[in-house]
Amino acid sequence: MNYLAVSSMSKGPHKKKVIITGASSGIGRELALLYGKQGHDLAITSRRKNVLEDIAKEIRSYNKGGKVILASLDVSESADNFKVLPKLAKELGGVDLFIANAGISTNSSFGQKSFEADKKVIDTNLIGLMAGISALQSIFREQKKGQIVGISSVASFRGLPGSASYSTSKAAVSTYLEALRGEVRKFGVKVTVIHPGFIDTPINQKLETRPFLVSVEKGAKKIYNRIESGVRSATVPWFPWAMIGVLMRSLPEFLWEKIGPR
């Protein structure tokens with residue numbers, strides 16, 4: 001990855017205290033590397049602590065001025081968010097940026113579904129995000145500043161046949177964060193929702209088709225830029241997904257249902 005390409009993206013000399021969930025692979029890993037390159041203080045979490053240790057080692061090799069701490073966390077275990085995340089924030093001395101990135105997917109059609117698999121998607125993508133934000137809310141309220149980022153998906157724009165639980169979780173994430181934005185504004189806290197298209201990560205690598213696929217490095221750079229610019233909501237990459245999103249939302253239901261798996 002060409003880190004020099006993002007050397008000018010950080011706004012000013014301010015060192016941020018950043019917490020990222022789901023940082024062991026995909027978008028979360030790349031964002032951790034990018035923020036590490038900028039010298040910010042980082043706390044990274046994942047279910048796979050051994051992988052995090054390798055990532056932390058890599059970050060420390062070039063992040064000479066920033067702190068890097070890590071913790072094992074399965075966000076689907078709601079209570080664990082309240083144990084782990086405030087502790088990490090305390091070690092960092094606060095939290096300027098919380099990126100709720102942890103997410104999973106399952107793909108199956110009617111008659112082939114596993115309820116437990118669907119429940120795990122909801123528990124991870126939605127309940128885990130809500131628990132993480134709730135676990136840090138008192139810190140944000142006391143600080144009266146900060147930014148909360150949720151990684152949603154273009155799948156939130158419409159229910160995708162074959163990915164019902166994933167679409168549901170991401171639509172709920174987008175709606176939850178939209179409502180939250182109005183609640184936290186008086187505390188000086190910003191909320192950003194990112195809707196990635198097909199970015200080459202493990203969550204979609206088993207799919208038969210991945211239209212307009214971009215590399216995880218390129219996708220993460222774009223997400224980094226959107227986060228640092230403080231946008232309320234962004235589709236990444238903007239082209240062509242912003243326009244596809246408009247089409248997805250406007251397509252009549254009798255046509256949309258024909259998209260279902262055969």
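Odds and ends about this structure:
- Residues satisfying the stated conditions in segment 208-224, i.e. under 16 Å from Tyr166 (Cβ atoms) and in contact with a Phe, Trp or Tyr (Cβ under 8 Å, 6 or more places away or on another chain): Arg210
- Some residue of segment 28-49 being open to solvent by 20 Å² or more (accessible area, probe 1.4 Å), touching a strand residue (DSSP E or B) at 6+ places or on another chain (Cβ under 9 Å), in a helix (DSSP H, G or I) and closer than 25 Å to Val154 by Cα: yes
- Qualifying helices (runs of 4 or more DSSP H) (wholly inside segment 152-262; at least 2 residues being in contact (Cβ under 8 Å) with a residue 12 or more places away in the chain, open to solvent by 20 Å² or more (accessible area, probe 1.4 Å) and small (Gly, Ala, Ser)): 164-184
- Selection over segment 48-69 of residues that are within 18 Å of the chain's Cα centre (by Cα) and more than 23 Å from Lys120 (Cβ to Cβ) gives a count of 1.
- All positions within segment 3-27 that are aliphatic (A, V, I, L, M) and either at pLDDT 90 or above or loosely packed, with under 15 Cβ neighbours inside 10 Å (or both): Leu4, Ala5, Val18, Ile19, Ile20, Ala23, Ile27
- Condition met for Ser114 (open to solvent by less than 70 Å² (accessible area, probe 1.4 Å), among the polar types (S, T, N, Q) and over 19 Å from the mean Cα position of the chain (by Cα)): yes
- Given (1) open to solvent by 20 Å² or more (accessible area, probe 1.4 Å); (2) over 19 Å from Gly230 (Cα atoms); (3) in contact (Cβ under 8 Å) with a residue 24 or more places away in the chain, index of the condition Lys144 fails: (2)
- Taking the numbered list (1) among the hydroxyl-bearing types (Ser, Thr, Tyr); (2) at pLDDT below 90; (3) part of a helix (DSSP H, G or I) in turn, Ser105 passes all entries but (3).
The values are calculated or read from the model by the stated rules, or taken from the named source; none is laboratory data. Since we're looking at a predicted model, the values are computed, not measured. A quick note on method: Cβ atoms are made from the backbone with ideal geometry, for glycine too, and the neighbour counts reach across all protein chains shown. The protein model used for the area step is the full one, side chains on, heavy atoms only, and it has no ligands, DNA or RNA in it. Shrake-Rupley method; radii C 1.70, N 1.55, O 1.52, S 1.80 Å.
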